[in-house]
Amino acid sequence: MTVKVAVLGVGVMGANHADQLTNLVAGADVTVINDYDDERANAIADAIPGARVVSDPFDAIVAEDVDAVVIATPGPVHEKQVLACLEAGKPVLCEKPLTTDVESSLEIVKAEAALGKQLIQIGFMRRFDDEYMKLRALVESGELGAPIMLHLAHRNPAVPDHFDSAMIVKDCLVHEVDCARFLLGEEIKSVHILKPRPNSNARDGLQDPQFAIFEMESGRMVDAEAFVTTGIAYEVRSEAIFERGSAQIGLDVNLVRKSAPGIWGGTVTPGFKERFGRAYHDQLQRWVNAVKRGDETGNYVDGPRAWDGYAAAAVCDAGVRSLTTSTRVEVDMVDRASIPGA
Ligand code: ISE
């Protein structure tokens, strides 16, 4: 069986998914492309044999030649589109955020749980990155004892002009939120965002960098730096400190060159598409495989679920409140066990 996929939203991420599904991922065909900008949709569809443009995202979701949906549209329209996928019983890989507020994310978790099928996967692609998987495996193995702390860093060379301080939390720090939850296997209890003196390259009023402290349920602590105007390149690093050692990923040591006159070095990965290209691919391949098995297993997901999208929304909401109040803010989340099947 070939999974016929509709890609909703073909900006940077959606176009990347459509390309990987067409040219790299086995067992999937992109049959439908949708974007609010028809011209952009046409340009992408023209490069995909057999794909057509459907202008209304809801028509795309219910189309007969669509088995599963990738949502890479702007966050504010996710809620209705994900709900439409649930209503149509179609598996969906939704880019973060699941929705733009905590309440609607929770409603979606409940709606999916009530269906008794796992249909929603969230695009936290780092969980498919080789280095993250190795670090997670090291934590699980207990080889170095229990993990005690994480030091995380997320640096972007630049961000678009519309990026404000809250977006640094919801668009960038959100990955560190998921990373902390994934690596340590527990929820985040509180967030405190400290505000260092802003970088002189940061637009007026933009709180950049930000320094977040996550307190985990068990009392472990995580610090996460988000710095989006470094002017350098894309750097994402994680270090775990254990009882009997430490481990680091994201050193970005690729080709190391030596040349005259006494020069030693390499290049830093320019952006997230390059840094996580392989992870995006593996995420899509595992999702397509899970969709194929879904009718037998009732589980069309292999990776982070709606719950993870909800947890990220709840932590980021606390983060944004911490940013404005300059205090430590408790994360307000329901107990997962209270929603059977979540
Ligand atoms: C972007 O939206 C992403 O999701 C990238 O993975 C992240 O690293 C980047 O900072 C965000 O702006």
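Would you call Phe163 within 12 Å of the ligand (Cβ to nearest atom) and either more than 20 Å from the chain's Cα centre (by Cα) or farther than 13 Å from Glu225 by Cα (or both)? Considered against the rule, which asks whether it is within 12 Å of the ligand (Cβ to nearest atom) and either more than 20 Å from the chain's Cα centre (by Cα) or farther than 13 Å from Glu225 by Cα (or both), Phe163 comes out as yes.
The single residue among Pro147, Pro157, Pro91 that is farther than 20 Å from Gln283 by Cβ and touching a strand residue (DSSP E or B) at 6+ places or on another chain (Cβ under 8 Å) turns out to be Pro147.
Hey, does the stretch 126-147 have a residue that's under 25 Å from Thr325 (Cα atoms) and within 16 Å of the ligand (Cβ to nearest atom)? No, every residue in the stretch 126-147 fails to be under 25 Å from Thr325 (Cα atoms) and within 16 Å of the ligand (Cβ to nearest atom). Would you be able to say whether some residue in the stretch 236-250 is assigned by TED's automatic domain parsing to the domain that holds Ile148, surrounded by fewer than 19 Cβ atoms within 10 Å (Cβ to Cβ) and within 16 Å of the ligand (Cβ to nearest atom)? Taking every residue of the stretch 236-250 in turn, at least one turns out to be assigned by TED's automatic domain parsing to the domain that holds Ile148, surrounded by fewer than 19 Cβ atoms within 10 Å (Cβ to Cβ) and within 16 Å of the ligand (Cβ to nearest atom).
For the stretch 251-275, a tally of residues being within 16 Å of the ligand (Cβ to nearest atom), outside any helix (DSSP H, G or I) and over 26 Å from Glu140 (Cβ atoms) returns 4. Anything in the stretch 148-160 that is within 16 Å of the ligand (Cβ to nearest atom), touching a residue at least 12 places away in the same chain (Cβ under 8 Å) and surrounded by fewer than 21 Cβ atoms within 10 Å (Cβ to Cβ)? List them, or say none. Ala153, Arg155, Pro157, Ala158, Val159, listed by residue number.
The strands (runs of 3 or more DSSP E) located wholly in the stretch 1-104 that include 3 or more residues which are farther than 29 Å from Lys170 by Cβ occupy 28-34. Out of the residues in the stretch 105-120 that are more than 14 Å from Gln81 (Cβ to Cβ) and not in a helix (DSSP H, G or I), state the one that is farthest from the ligand (Cβ to nearest atom). Filtering the stretch 105-120 for residues that are more than 14 Å from Gln81 (Cβ to Cβ) and not in a helix (DSSP H, G or I), the one farthest from the ligand (Cβ to nearest atom) comes out as Gly116. Across the stretch 178-210, the number of residues qualifying as closer than 14 Å to Ala153 by Cβ, within 16 Å of the ligand (Cβ to nearest atom) and not small (Gly, Ala, Ser) comes to 4. Note on the stretch 328-342: residues that are of a type outside the set (D, E, K, R) and either exposed (fewer than 11 other Cβ atoms within 10 Å of the Cβ) or modelled with pLDDT under 95 (or both) total 3. A single member of Pro57, Pro49, Pro91 is touching a Leu at 6+ places or on another chain (Cβ under 6 Å) and either surrounded by fewer than 23 Cβ atoms within 10 Å (Cβ to Cβ) or of a type in the set (D, E, K, R) (or both), and it is Pro57. Leu173 passes every criterion in (1) without any contact (Cβ under 8 Å) to a residue 40 or more places away in the chain; (2) within 14 Å of the ligand (Cβ to nearest atom) apart from (1).
The values are calculated or read from the model by the stated rules, or taken from the named source; none is laboratory data. In this text the structure is predicted, and so the values were computed from the model without any measurement. Using ideal geometry, Cβ is built from the backbone for each residue, glycine included, and neighbour counts are taken over all protein chains shown.
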